[in-house]
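One structure below.
The values are calculated or read from the model by the stated rules, or taken from the named source; none is laboratory data. Computed from a predicted model, the values in this text were never measured in an experiment. Don't worry about glycine lacking a Cβ; one is built from the backbone with ideal geometry, like all the others, and counts go over all protein chains shown.
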């Protein structure tokens, strides 16, 4: 990499971390599926092959994207300079070291891999805390709680792997729910906000009054969020199945109504907006499937993959694409490659969930892996130049986080 490119790449967290997340996504899923089909051995440093796959999707792929979003958004939230330079380089280096070491078939690599991985999560939380607390941005303390719990549950998982403890799966499941709660928290701000702005601009351009707009956060949103938190707690704790299922049905209904109130049906002309609604829609669907799983009607993996391949992956692409455009001075408009990425990742999630529900699992899994790889390849092809080149100066460009 040339010398001038280094300061650009590490001038804002979204640049290296979104790039790393997208490139890792292209590698990790085909690698896992090929191993599942018996084409090669699976990394065993984390014990069972499934542990490696789940851990790397939650704390590797999603972990990088969360870091890119959080450290980019906090500069807008607090009006402070972005985290950049040596601190950002150290954060990215820790992430890369952990990913490489977890792939190695060397038992002695476990401790340094775990140290690097936990170091990434801890440093991310510390950097965020410095910015949020320094600016007394009380509204975002909830984000700090989630970012602080992520390395904690990651540590529990790694300790469980090292000691063959019974809480290993619970720690992974906790990581998934923390990411879902983060999506609910941030999505509850940006989805109605971006939708409201886009609908208002459309109405203004057409010289008409805007129709129904997303409402401001109110008691209904708060109730839906509380039910989501309650269901997550019941699910992780392994509460009585019928109670958990009943709570999940109510939570899924309220979250679906909440999403409908955000007027996503009016946003079809703009992929940058409707993809946010699609991403959030996977949350009530995932909760509904997990509720059905509590009653023994479907496999639990159906709901888990609706939340991971569906909500988490789609929201990562949705937020990353919008943030990269806005923070590099480019127009907030989709592109054929980007729309293809959205559609491919949606197909990947749908077929991955379908693979858990009935016959043809092998074919559906192959379709899912192909669509996933195609989607993230389209995203990387479109965004690698944007993430590594300087900001454009364009009148009227606005930050999007």
Condition met for residue 231 (touching a residue at least 12 places away in the same chain (Cβ under 8 Å), under 25 Å from the mean Cα position of the chain (by Cα) and farther than 29 Å from residue 269 by Cβ): yes
For residue 326: the one exception among (1) assigned to a helix (DSSP H, G or I); (2) without any contact (Cβ under 8 Å) to a residue 60 or more places away in the chain: (2)
Near pairs, Cβ below 9 angstrom, 6+ apart or cross-chain, from the stretch 336-361 (surrounded by 23 or more Cβ atoms within 10 Å (Cβ to Cβ)) to any residue that is at pLDDT below 95 and not in a helix (DSSP H, G or I): 342/334
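Quick one: would you say residue 254 is within 16 Å of residue 188 (Cα to Cα), surrounded by fewer than 21 Cβ atoms within 10 Å (Cβ to Cβ) and touching a helix residue (DSSP H, G or I) at 6+ places or on another chain (Cβ under 8 Å)?
Values: within 16 Å of residue 188 (Cα to Cα): yes; surrounded by fewer than 21 Cβ atoms within 10 Å (Cβ to Cβ): yes; touching a helix residue (DSSP H, G or I) at 6+ places or on another chain (Cβ under 8 Å): yes.
Taking the combined requirement at face value, the residue satisfies it.
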Selected residue (only one of 296, 233 is assigned to a loop (DSSP other than H, G, I, E, B) and out of contact with any helix residue (DSSP H, G or I) (no Cβ under 7 Å at 6 or more places or on another chain)): 296
Verdict on residue 74 being under 22 Å from the mean Cα position of the chain (by Cα), within 18 Å of residue 17 (Cα to Cα), surrounded by 15 or more Cβ atoms within 10 Å (Cβ to Cβ) and modelled with pLDDT of 95 or more: no
